[in-house]
Amino acid sequence: MTAEVVVFWVLAVATVAGALCVVLPPMGRNPLHAAIALLATFFFLSGLFVLLSAHLVAVLQVLVYAGAVMVLFTFVVMLLNLRRHELAGPRPTLFKALGAAAVLAVTTKVAMVVAAALADAPAAADLPDGFGGGRDVAGNLLIDYLVPFELTSILLLVAIVGALAIARRTPGGEPDRAPGGDA
C-alpha cells in the first residue's frame, strides 16, 4: 500500500468520524461540541481535496467553511444561549426511527455504488492543465452554477434571520415586546 492510500484512508475515516460526532451523542447533544466536531470534519475534508490535487478548493474549504461559516455557527450557538435543560437527552420518536432507516438505506446504496465503481475503475488518468485552479473554479462557480451559488447565500441569510428571531426571546420564554408597544 502506498503512502497516498494510507493518508487517504486516515483522512476518510477521520472525516466520517467527525461528521458522526456532529450528530450523535454525546457530542451531538451540545451545539458547541458539535460545532467543534464539524470544524475538525472541515479540516479533514480539505486534506482529501489536497489528495485530489484540488488545492484551491482545499484552501477555500479552510477559509470559507472552517473560518467564516464556523464563526457564524458559533455566533448563532452563543446567541441562542441554550440552557442545560434545553439540551436534554434524546427522545425516541417515529421520525427519528424513519430517519435512521433512511440513513441505513442510503448507506447501503452508496456502498453498492462504490463497490461497483471500484470494480470497473480505470487506471488513474492525467489531470488536465489548470485542474483545480482559480480560473476553472471561478468559471464553474460564477457561470455554470450561478443560481445555486446565489440560492445558497439566500439560504444562509434566512438562517441568520431565523436564529436572531429565536434569540430575541426573554428568559421567561415569551418574545420581547417592542419598546413603547401595547402591553
Across region 102-110, in residue order, what do the Karplus-derived ³J(HN,Hα) couplings come to in whole Hz, using 6.51 cos²θ - 1.76 cosθ + 1.60 with θ = phi - 60° and x for Gly and Pro?
-> 5, 4, 4, 5, 5, 4, 4, 5, 4
Honestly region 3-115 on the Cα gyration tensor test (a ≥ b ≥ c root eigenvalues; a/c under 1.5 rounded, otherwise a/b vs b/c for prolate or oblate) is just oblate
Fully extended, how many nm does the chain gain between L52 and L118 (0.36 nm per residue separation, minus their Cα-Cα distance)?
-> 22.1 nm
So if we plug the beta-carbon distance of T107 and L155 into 1/(1 + (r/R0)^6) with R0 = 25 Å, what FRET efficiency do we get, rounded to 0.05?
-> 0.45
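Bear in mind these aren't lab numbers, they're just calculated from the coordinates by the rules spelled out. In this text the structure is predicted, and so the values were computed from the model without any measurement. When we count neighbours, we look across all protein chains shown, and the Cβ atoms used for this are built from the backbone with ideal geometry, even at glycine.
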